[in-house]
Amino acid sequence: MSTQVEEQTLTLEEVLAGLKELHRLILWNDDVNSFDHVIYCMMKYLDYTESQAEKIAWKVHNEGKCAVLEGSFTEMEIYRKILQQEGLTVSVD
């Protein structure tokens, strides 16, 4: 009994188009983390300035959530895991 495998060839453009689908890293409000901790994490891991990080912290506080980063699913998952280890509530959309 033989098994046949169908080979599929994709162009570079098709591969890159699949990688370009953007996902967002969402930071959620919680009752655990302080403003200072959120600001610290945004600056340390996402390279935001202190002013940008403060705006994110206030937006999360007032609106309940904020998209803090966009990129590939794999990249967003890496940052999600890092920020979750810091105690932040984050998800990938």
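Restricting attention to the stretch 38-54 and to residues that are in a helix (DSSP H, G or I) and of a type in the set (S, T, N, Q), the residue that is most open to solvent (accessible area, probe 1.4 Å) turns out to be Q52.
Scanning the stretch 80-93 for residues that are in contact with a Phe, Trp or Tyr (Cβ under 7 Å, 6 or more places away or on another chain), open to solvent by 40 Å² or more (accessible area, probe 1.4 Å) and without any contact (Cβ under 8 Å) to a residue 60 or more places away in the chain yields a total of 1. Taken over the stretch 55-79, the residue count meeting the criterion of being open to solvent by less than 40 Å² (accessible area, probe 1.4 Å) and among the basic types (K, R) is 0.
Please work out if N29 is surrounded by fewer than 10 Cβ atoms within 10 Å (Cβ to Cβ), at pLDDT 95 or above and either under 17 Å from V92 (Cα atoms) or of a type outside the set (V, I, T) (or both). Criteria not met by N29.
The values are calculated or read from the model by the stated rules, or taken from the named source; none is laboratory data. Just so it is clear, the structure is predicted and the values come from calculations on it, not from any experiment. With ideal geometry, Cβ positions are generated from the backbone for all residues, glycine too; neighbour counts draw on all protein chains shown. Each accessible area value is taken on the protein alone, full model and side chains, heavy atoms only, with ligands, DNA and RNA left out. Shrake-Rupley method; radii C 1.70, N 1.55, O 1.52, S 1.80 Å.
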